[in-house]
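Beneath this line is the structure, given in structure tokens, with notes to follow.
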Amino acid sequence: MDVIELIRYIDGLVWGLPAIMILVGTGVAIAILGGFFQVRYLGKAFKNLLYKGTGGKGEVKPFALFAAVMGATVGVGNIAGVSTAVHLGGAGALFWMWVCAILGMGTKAVEATLAAWSRRITPDGRVEGGTPYYIRLVPVIGPALAVVFSVFTFIAAYGIGNTVQANNVALGVEYIAKGYGWDPGLARLVAGVLMFVFTALVVLGGIRRIADVSNYLVPFMAFWYIAASLIIWVKYAGNFPLAIKEIFTYAFTPQAAAGGLAGWMVYSAIRYGFARGLFSNEAGLGSAPNAYAYMTVDHPGRVGLYGVFEVFMDTIVICTMTGIVDVVTRVYIERPDLSGAALAMEAFYRAYGGWAPFILGIALALFAYTTLLTWEWYGEVNWLYFWSKTLGLPEKPLMWIWRVMWVIPIIPAAVSAELFEAFWDFADTMNGLMAIPNLIAVAYFAPVGIGLIKDFLKSGKV
């Protein structure tokens with residue numbers, strides 16, 4: 001068994017039935033304890049985006065930091081990940097992705113709230129916080145779990161946050177290059193070099209510069225992709241009722257496939273719906289709290305509402321754009337040989353013709369680039385927690401070592417088209433491993449997080 005086969009084997013174990021049950025169980029418990037606050041107060045979560053940080057403490061303005069988190073959450077998972085789920089699980093995978101999102105809205109809200117609750121503001125106004133800071137508060141096993149989480153996370157950052165993203169930015173550029181008759185290999189290399197330079201310029205400035213860049217890029221890229229997808233919905237409106245019927249029907253019954261293939265089983269729909277849904281919205285993963293801890297806010301519960309809206313926008317809105325496009329254009333049935341971004345590209349090509357590489361290429365590149373930026377910070381928080389907070393090594397040199405290390409794999413990942421699936425499998429595996437210690441802490445502190453959210457909602461501040 002070679003390394004790639006080993007990664008795929010471990011991926012199958014990590015994302016088996018036990019992992020799905022833990023994710024679902026945690027989400028259901030939070031939903032019941034919280035009275036489904038994530039659905040009932042979705043309007044207030046939207047209104048909360050107008051908060052300017054008045055009376056709050058932290059390092060980064062609320063919307064700028066929210067944009068940075070959205071930049072990480074809205075990534076290639078929203079295009080390539082969703083299309084992979086549809087390819088492997090059929091139309092029914094979209095239903096389970098929505099279930100994952102509704103439950104994830106509550107889970108992410110509790111995670112974000114705990115991040116603000118457990119952080120420490122130093123006398124000079126700096127924040128010390130992130131996911132391992134609330135995990136370590138779990139009695140007896142907390143400190144060990146926090147260390148395990150930090151190690152899994154800074155390793156995972158090189159999968160979901162770096163190599164997958166760099167590879168898919170290059171894929172987006174390759175699509176554009178092919179559309180205009182340019183050399184795709186050279187295009188990938190140029191993309192890698194440019195990514196290397198622009199990522200270095202941003203991440204060297206830390207979370208504030210990442211947030212400032214995201215503040216401008218994220219709203220534009222979201223509008224770009226939503227508008228482009230809705231145009232396809234309208235163009236194929238005649239297939240829309242069939243698409244919706246297939247999504248709900250095949251979430252519970254097997255779906256036949258074209259071309260004599262075996263078809264899609266319900267278990268595959270559930271597994272890939274949840275796996276790719278989590279890859280996209282990261283609820284339960286423990287990634288976003290590493291940034292939410294730095295938000296300037298007046299109440300920990302307020303941060304939870306940002307978590308609710310983050311998952312809603314990511315999965316219910318943007319992932320749905322891709323999923324419906326794949327189904328209404330019928331490419332997932334007619335081209336069973338295609339998966340991931342290639343499947344989405346075929347759908348866009350049917351709608352836009354020669355413009356498809358340009359439209360989807362820009363979306364892929366922006367989605368991946370903003371994810372690459374913010375995941376640098378997620379990895380950095382946990383890198384420093386392990387080496388500095390736990391082992392007592394000096395923080396500043398370690399910080400610069402991490403930032404230099406972060407940009408090194410970008411160019412190799414960009415030009416390694418043949419490792420596309422391996423990067424995804426590695427990312428899936430590490431995501432599942434880092435979710436385990438985080439979900440233990442979230443489950444333990446769920447009453448605290450829910451109580452803070454309810455207290456904030458009663459305060460009338462939003």
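The values are calculated or read from the model by the stated rules, or taken from the named source; none is laboratory data. All values reported here derive from a predicted model rather than from experimental measurement. Neighbour counts run over all protein chains shown; Cβ positions are idealised from the backbone, glycine included. With ligands, DNA and RNA removed, areas are computed over all heavy atoms of the protein, side chains included. Shrake-Rupley method; radii C 1.70, N 1.55, O 1.52, S 1.80 Å.
Summary table
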| read-out | value |
| --- | --- |
| Per residue value of the accessible surface for region 65-155 (all protein chains in place, 1.4 Å probe), Å² | 24 Å² |
| Net charge of Cβ neighbours under 9 Å - reference residue 462; Lys, Arg +1; Asp, Glu -1 | +4 |
| Cut-off 11 Å between beta-carbons: net charge of the residues surrounding residue 161, Lys and Arg +1, Asp and Glu -1 | -3 |
| At q = 0.10, 0.16, 0.19 Å⁻¹, base-10 log of I(q)/I(0) for region 74-196 (Debye sum, equal scatterers on each alpha carbon) | -0.54, -1.02, -1.12 |
| Net charge, residue 75 excluded, C-beta distance under 14 Å - Lys, Arg +1, Asp, Glu -1 | -4 |
| Stokes-Einstein D for region 1-142, Kirkwood Rh over Cα pairs, 10 °C, 1.306 mPa s (µm²/s) | 87 µm²/s |
| Using θ = phi - 60° and Karplus 6.51 cos²θ - 1.76 cosθ + 1.60, couplings along region 317-326 (whole Hz; Gly, Pro as x) | 9, 6, 4, 5, 3, 5, x, 5, 4, 4 |
| Rounded to whole Hz, the Karplus (6.51, -1.76, 1.60) HN-Hα couplings of region 379-395, x for glycine and proline | x, 5, 4, 7, 4, 5, 4, 6, 7, 9, 5, 8, 9, x, 7, x, 6 |
| For Rg and Dmax of the Cα atoms in Å, calculated from these coordinates, the label among (1) 50.6, 158; (2) 20.8, 67; (3) 22.3, 70 | (2) |
| Surface accessible to a 1.4 Å probe, per residue, for the residues of region 285-337, Å² | 15 Å² |
| Interchain or long-range residues, amide H under 5 Å from residue 74's placed H | none |
| Computed [θ] at 222 nm, deg cm²/dmol, the chain (DSSP H ≥ 4; -39,500 (n - 2.57); rounded to nearest 500) | -23000 deg cm²/dmol |
| Angle in degrees between helix 142-156 and the longest Cα principal axis of the chain, rounded to the nearest 10 | 40 degrees |
| ³J(HN,Hα) computed for each position of region 181-198 - Karplus, 6.51 cos²θ - 1.76 cosθ + 1.60, integer Hz, glycine/proline x | x, 8, 5, x, x, 5, 4, 5, 5, 4, 4, x, 5, 5, 4, 4, 5, 6 |
| Point-charge dipole on Cβ atoms (K/R +1, D/E -1) for the chain, about Cα centre, debye to 20 | 1460 debye |
| Cα-based shape type of region 179-236, given that a ≥ b ≥ c are square roots of the gyration tensor eigenvalues and the cut on a/c is 1.5 | oblate |
| Surface per residue (accessible, 1.4 Å probe) for region 162-223, Å² | 45 Å² |
| Crossing angle, helix 92-118 versus the chain [Cα axis fit, 0-90 degrees, rounded to tens] | 20 degrees |
| Under 5 Å, built H, 5+ apart or other chain: amide partners of residue 462 | none |
| When region 188-320 is reduced to its Cα atoms, the Kirkwood hydrodynamic radius in Å | 18.6 Å |
| Angle in degrees between helix 3-14 and the longest Cα principal axis of the chain, rounded to the nearest 10 | 70 degrees |
| Listed peptides 299-309, 346-356, 154-164 by packing density, highest first (mean Cβ within 10 Å) | 299-309, 154-164, 346-356 |
| Accessible carbon and sulfur surface of the chain relative to its total accessible area, %, 1.4 Å | 71 percent |
